[in-house]
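Throughout, read-outs are computed from the coordinates displayed, never taken from laboratory work. The structure displayed is predicted, hence computed values, not measured ones. Note: ideal-geometry Cβ built from the backbone for every residue, glycine included; neighbour counts use all protein chains shown.
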Ligand code: HEC
């Protein structure tokens with residue numbers, strides 16, 4: 001239970017707050033380079049959405065998991081305009097309405113199950129907001145980094161991710177297996193987005209960039 005607040009993608013905020021308060025102090029204090037910066041968050045979200053789109057419209061997922069991934073993509077699309085606004089707050093731009101139109105078109109394409117149009121729309125968004133992997137890639141595969149990634153994974157991640165509950169609509173996938181099926185930049189984006197803090201960390205990712213980089217190396221390398 002100690003680490004149960006770490007991964008809040010599934011929207012289990014309320015349930016996790018009590019547990020999070022106790023476990024927060026076990027984690028490194030949020031550093032300046034935390035992967036919580038608005039522009040990176042937005043670009044990572046879009047990278048994950050594109051990856052989810054690909055998974056949804058390929059044969060990679062079972063019907064149940066396809067439904068879960070589609071629900072997640074719809075949820076991401078719903079909040080995307082807010083993420084865009086947050087990323088742009090420093091330099092407001094009239095183009096925001098254009099992005100809202102794009103999001104609308106992707107949602108309509110999803111309604112029609114038009115994979116090509118969904119992917120085209122997500123591709124445009126990804127081109128407009130490229131994901132900057134500085135500090136995350138290349139993966140840090142030095143021995144000391146791999147060792148600390150191993151203990152980090154064991155302490156905070158493995159309990160949920162090692163043996164995924166496949167009856168769940170949105171399982172905590174095995175991260176080693178996931179790492180074998182997607183490009184490193186997408187894995188980086190999934191780590192930036194997939195790991196969330198709690199109220200105390202402002203829901204930012206509690207991991208340092210250097211830790212994410214080492215985890216990428218660890219998940220890619222070890223099977
Ligand atoms: C309490 C259980 C739990 C713990 C602990 C946990 N996760 Fe998760 N994680 C989940 C669940 C459930 C999902 C799927 C959420 C979804 O699909 O919306 C997830 C999603 C993710 C994703 C996104 C995968 C994807 O499908 O895009 C990544 C990456 C991830 N977790 C990494 C980690 C790492 C790294 C740790 C440890 C630092 C960790 N998680 C700890 C339950 C957990």
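Can you go through 168, 149, 155 and tell me which one is within 11 Å of the ligand (Cβ to nearest atom), farther than 20 Å from residue 205 by Cβ and touching a helix residue (DSSP H, G or I) at 6+ places or on another chain (Cβ under 9 Å)?
On inspection, the qualifying residue turns out to be 168.
Looking only at the range 175-190, count every residue that is near the ligand (Cβ under 10 Å from one of its atoms) and free of Cβ contacts under 8 Å to residues at least 60 places away in the same chain and tell me the total. Walk me through it before giving the result.
Going through the range 175-190, the residues near the ligand (Cβ under 10 Å from one of its atoms) turn out to be 175, 178-179, 182, 186-190.
With free of Cβ contacts under 8 Å to residues at least 60 places away in the same chain added as a condition, the list becomes 175, 178-179, 187.
Adding up the residues that qualify gives 4.
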